[in-house]
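Read-outs throughout are calculated quantities, based only on the coordinates presented, and are distinct from any laboratory measurement. This structure is a prediction, so every number in the text was calculated from the model and none was measured. Every residue, glycine among them, receives a Cβ derived from its backbone with ideal geometry; neighbour counts consider all protein chains shown.
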Amino acid sequence: MKFTSLLFTTAIASTLLSTVPLNSFQANSFQAAAQGIQIAQAKTSQQKITQITAVKGKPESAVLLRKLYAKDLTPIGIQAGVASMVVNLYSKQDDTTLSLCTTFDVVVAVKKGKIAKFNPAEVK
């Protein structure tokens, strides 16, 4: 009984593997993942600010924020912003405040220092 189950499982697995073409595994996706990891290895706080500022207001900015400041952000304020509310997050390690739009999940402002409330013109 166990032998027939093993034989049946092997036959199904070999059938599935033979139907998947080898070119379905794109090397580009692995390269993109490696580039994403490389981006998240900024060394100085100024490099992090430069990278976040370059994509500020774009959907990928929140993803980059989470990579660069993993386990380092503390919420210090909430204010009206782009669509509804923005949360001001402070990085004690880099002494940087970032404002994150909670509706669209994008970074809308970045500044050095601890800022509880940004100028309303900066978070629109």
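Worth pointing out:
- Scanning the range 66-97 for residues that are of a type in the set (A, V, I, L, M, F, W, C) and farther than 20 Å from residue 119 by Cβ, we see that the one that is surrounded by the most Cβ atoms within 10 Å (Cβ to Cβ) is 68.
- Checklist (1) part of a loop (DSSP other than H, G, I, E, B); (2) among the basic types (Lys, Arg); (3) in contact with a Ser or Thr (Cβ under 6 Å, 6 or more places away or on another chain) applied to residue 111, failing item: (1)
One line per residue, one yes/no per condition, for (1) among the small types (Gly, Ala, Ser); (2) in contact with a Phe, Trp or Tyr (Cβ under 6 Å, 6 or more places away or on another chain); (3) in a strand (DSSP E or B):
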| residue | (1), (2), (3) |
| --- | --- |
| 43 | no, no, no |
| 49 | no, no, no |
| 53 | no, no, no |
| 56 | no, no, no |
| 61 | yes, no, no |
| 67 | no, no, no |
| 79 | no, no, yes |
| 82 | no, no, no |
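- For the range 108-124, taking the residues that are in contact (Cβ under 8 Å) with a residue 40 or more places away in the chain and under 16 Å from residue 72 (Cα atoms), the one that is surrounded by the fewest Cβ atoms within 10 Å (Cβ to Cβ) is identified as 112.
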